[in-house]
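Everything below concerns the one structure shown next.
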Amino acid sequence: MQKTRTVLVTGGCGFIGANFVRLLRAKRPEWRLINLDKLTYAGNLNNLTGIAEGPEYRFVRADIGDAAAIEELFAAEPIDTVVHFAAESHVDRSITGPAAFIATNINGTFTLLEAARKSWSGAGRQDGDSRFLHISTDEVYGSLGAEGYFRETTAYDPRSPYSASKAASDHLVNAYFHTYGLPTLITNCSNNYGPYQFPEKLIPLIIHNALHGRSLPVYGDGRNIRDWLYVGDHCEAVLEVLERGVPGRSYNIGGNNEKMNIEVVTLVCDILDRRLGLPATGMTRRSLITFVKDRLGHDRRYAIDATRIREELGWQPQVGFEQGIEMTVDWYLANQEWVAAVVDGSYQEYYRTMYGGN
Ligand code: NAD
Ligand code: DAU
């Protein structure tokens, strides 16, 4: 029989966290779910429209770095499971403002680990099936040349403030496993795309700009490679690792789907041309592509070897790339109100700082 869990999801109002909350409500409706989120610029309660508060679901607005609030929550609720998504997640923002990444990704993770350690070593809470699942990234492994793949044994070599902060948090998580026996797990996933992604990330930014006839900024020569995975596939993998992963272990998750950025951008343009016809200019949307100054320290290539999760847990991606991009474009077309609400004043300011008048 399935174990009934009381799960603390952090960052459940962000892109992947919200998709995961939706998956859990659909697939494990008997689990009690507490979604803790600070609601930064990236957190959005509209990502969870239709998920009602009640005995099985509760939202708490708090900062994961607020030790008193986190300890109070662990004292008030019989939390036996943590799925930790909350983070500052955007590489470009980590270059212009790294402090928030250190505070949330490192100190915030530390605060959660401490609360779980204290709570689960206390009387009555350690039932042998607790889990602390830390959601991390393939960026901790650094940048690949033309050959090779990231394996769980690949040495960490983070190169941006974002990836360095995620690497530090992974090390802390592993330290809590080895030192205190906290039942931790880590997933290191490649680039996600899909519904509810904030339009600072490549794919939703390109969709949004293309719909408004704005230029499509491609960094450098556009030949940097990412291994793209549909967010629903990532969430399924997280649930597999949560339920059947071996504590102390890391699991790489990837789409086996390497694409150059320019290929991704042209695909989005072509789908929009097919869906909507050509814009009034009569030019294809590819004509909006503009090569801009490269990202500082831009990692060249990421590629995941997902053998472990496939062989140990039987997970593999279900959504093909073209299918996933079409689903994503259609979601953004159908959810223009959601987009309009997130590209508010602070987004406009961010956009101007990053891309100038383009
Ligand atoms: P996101 O930026 O869309 O969402 C982050 C969420 O965390 C937001 O809801 C935000 O309000 C919340 N948050 C931020 N700081 C917080 C704090 N101090 N306290 C509480 N909540 C806080 O991020 P995402 O893209 O959904 O990524 C989620 C996780 O997955 C991150 O840990 C990220 O490193 C990891 N990851 C992301 C990808 C990707 O492609 N997006 C790939 C691999 C791993
Ligand atoms: O690999 C996993 C990581 O993927 C996650 O850990 C991060 O949280 C997530 O943000 C993502 O990081 P990237 O930096 O790879 O994603 P982003 O969408 O910002 O950029 C994807 C690629 O597209 C990258 O090579 C930079 C490029 N790019 C991005 C933007 C925003 C452009 O060329 N133009 C753009 O305007």
- request: For the stretch 189-207, indicate whether the set of residues that are more than 16 Å from ligand 1 (Cβ to nearest atom) and modelled with pLDDT of 95 or more is non-empty.
  value: no
statement: Inside the stretch 1-25, the number of residues satisfying the requirement of being assigned to a loop (DSSP other than H, G, I, E, B), within 15 Å of ligand 1 (Cβ to nearest atom) and basic (Lys, Arg) is 0
- prompt: Exactly one of (1) hydrophobic (A, V, I, L, M, F, W, C); (2) surrounded by fewer than 24 Cβ atoms within 10 Å (Cβ to Cβ); (3) near ligand 2 (Cβ under 10 Å from one of its atoms); (4) not in a strand (DSSP E or B) is unmet by Ile206. Its number?
  reply: (2)
- prompt: Just wondering, is there one or more residues in the stretch 340-347 that are touching a residue at least 12 places away in the same chain (Cβ under 8 Å) and touching a Lys or Arg at 6+ places or on another chain (Cβ under 6 Å)?
  reply: no
field: Where a residue in the stretch 172-189 is farther than 19 Å from Asp80 by Cα and its partner, wherever it lies, is more than 16 Å from ligand 2 (Cβ to nearest atom), with Cβ under 7 Å and at least six apart
entry: Leu172/Phe110; Leu172/Leu113
task: Those residues that are modelled with pLDDT under 85 and out of contact with any helix residue (DSSP H, G or I) (no Cβ under 6 Å at 6 or more places or on another chain), I need them from the stretch 113-128; list them, please.
output: Gly122, Ala123, Gly124, Asp127, Gly128
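The values are calculated or read from the model by the stated rules, or taken from the named source; none is laboratory data. Treat the numbers as computed from the prediction; the structure is a model and nothing was measured. A quick note on method: Cβ atoms are made from the backbone with ideal geometry, for glycine too, and the neighbour counts reach across all protein chains shown.
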